[in-house]
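Novice: Supplied in structure tokens, the structure appears directly below.
The values are calculated or read from the model by the stated rules, or taken from the named source; none is laboratory data. Given the structure is predicted, the values throughout are model-derived calculations rather than measurements. Note that each Cβ is placed from the backbone with ideal geometry, even for glycine, and that neighbours are counted across all protein chains shown.
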Amino acid sequence: MHAAVVTPSNFPWAHQLICLAPLAVTIGLMYAFIGADAAVTTAFMRHGAAHPVLTALMRELSRWVPLLFYAAYGIVLLRAARTKNRPLLRFTLVFFLAQACFAFLLVRVIKISAGMPRPYAVLNGAEAAPFSLMDTDQHSFPSGHTTAAALSVSCTASVFRKYALSLLLGLLLALLGFSRIYLLMHHMSDVAAGMCIGTAGNIFIHCLYYKRNF
């Protein structure tokens, strides 16, 4: 990433739509062909039990895709500090601030307040338990993994504004979101909410960094 690419003049809505479309379409297709959250949970419970290799692959995707984006921005931050590139340094710091505010603090507050059980817990008869501080089985809504990844993806797409890259990032986001649903860690609604919060975080970055109107 070079400093020259982090100076857009307005918000790139087209690239946002491109990088978010694969996950939105994935959720829409699951809803159309399988059903609502409960039906999807039952279907993936059976499919996952019958296909352990695929389940293991989904688990690795769920683990490594978010770390990939964090590592990339960490490298950018180190480069900006070494080269004393102030615009790039400021941009990466704003990004990490947005991650802390949206993907961590806001998501945690909503998770604890809502107390929605994860799909695997629902299968065991769990019900909503608002303000469940320590019980992570009740922290399904929204998806923190999806929020963090959506923020990274939408931010990167906004910076580079390359249609092929935006689509590739969107496919990675869709894989991550699907893996969280397939592994019974989140409902479709949890993932959709995470995608929306992550996108809102990118808008926050744009407002804070560029201080211009859309």
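Novice: Is there any pair with a first residue in segment 120-134 that is under 14 Å from His187 (Cα atoms) and a second that is outside any loop (DSSP other than H, G, I, E, B) and of a type outside the set (Phe, Trp, Tyr) whose Cβ atoms are under 6 Å apart and which are 6 or more apart or on different chains, and what are they?
Specialist: Correct list of pairs: Ala121/Asp137.
Novice: For segment 156-184, how many residues are in contact with a Pro (Cβ under 7 Å, 6 or more places away or on another chain) and part of a loop (DSSP other than H, G, I, E, B)?
Specialist: 2
Novice: Out of Ser132, Ser189, Ser152, report the one residue that is in contact with a helix residue (DSSP H, G or I) (Cβ under 7 Å, 6 or more places away or on another chain), part of a loop (DSSP other than H, G, I, E, B) and not charged (D, E, K, R). First the steps, then the outcome.
Specialist: Numbers: Ser189 fails: part of a loop (DSSP other than H, G, I, E, B); Ser152 fails: part of a loop (DSSP other than H, G, I, E, B).
Answer to the check: Ser132.
Novice: Give me the pairs: first residue in segment 142-155 and surrounded by 24 or more Cβ atoms within 10 Å (Cβ to Cβ), second residue outside any helix (DSSP H, G or I) and at pLDDT 95 or above, beta-carbon distance under 6 Å, and six or more apart or on different chains, which are they?
Specialist: Here the result reads Ser143/His186, each pair linking segment 142-155 to a residue that is outside any helix (DSSP H, G or I) and at pLDDT 95 or above.
Novice: Then there's this: Among the numbered criteria (1) in contact with a Lys or Arg (Cβ under 9 Å, 6 or more places away or on another chain); (2) without any contact (Cβ under 8 Å) to a residue 40 or more places away in the chain; (3) part of a loop (DSSP other than H, G, I, E, B), which one does Asp137 miss?
Specialist: It fails just one condition, (3).
Novice: Additional query: Do we have any residue at all in segment 80-99 that's closer than 17 Å to Ala192 by Cα, in contact with a Ser or Thr (Cβ under 9 Å, 6 or more places away or on another chain) and surrounded by 13 or more Cβ atoms within 10 Å (Cβ to Cβ)?
Specialist: no
Novice: Follow-up. Which condition number in (1) at pLDDT 95 or above; (2) surrounded by 14 or more Cβ atoms within 10 Å (Cβ to Cβ); (3) within 16 Å of Leu184 (Cβ to Cβ) is the one that Leu23 fails?
Specialist: Evaluating Leu23 over (1) at pLDDT 95 or above; (2) surrounded by 14 or more Cβ atoms within 10 Å (Cβ to Cβ); (3) within 16 Å of Leu184 (Cβ to Cβ) leaves (3) as the failure.
Novice: Six or more apart or on different chains, Cβ atoms under 8 Å: show the pairs whose first residue is in segment 44-56 and without any contact (Cβ under 8 Å) to a residue 12 or more places away in the chain and whose second is assigned to a helix (DSSP H, G or I) and surrounded by fewer than 10 Cβ atoms within 10 Å (Cβ to Cβ).
Specialist: Every condition considered, no pair remains.
Novice: For segment 102-119, enumerate the residues that are part of a helix (DSSP H, G or I) and surrounded by 16 or more Cβ atoms within 10 Å (Cβ to Cβ). Step through it out loud before you land on a result.
Specialist: Quick first cut of segment 102-119, residues part of a helix (DSSP H, G or I) only: 102-114, 119.
Phe102, Ala103, Leu106, Val107, Ile110, Lys111, Ile112, Ala114, Pro119 - these are the residues of segment 102-119 that are part of a helix (DSSP H, G or I) and surrounded by 16 or more Cβ atoms within 10 Å (Cβ to Cβ).
Novice: Let me ask something additional. Considering only residues of segment 165-192 that are of a type in the set (Gly, Ala, Ser) and within 29 Å of Ala50 (Cα to Cα), which is surrounded by the most Cβ atoms within 10 Å (Cβ to Cβ)? Write out each step before concluding.
Specialist: Taking segment 165-192 as the starting set, the residues that turn out to be of a type in the set (Gly, Ala, Ser) are 166, 170, 174, 177, 179, 189, 192.
With the extra rule that they be within 29 Å of Ala50 (Cα to Cα), the set shrinks to 170, 174, 177, 179, 189, 192.
Numbers: Gly170: 25, Ala174: 23, Gly177: 29, Ser179: 23, Ser189: 17, Ala192: 20.
For segment 165-192, the residue satisfying everything is Gly177.
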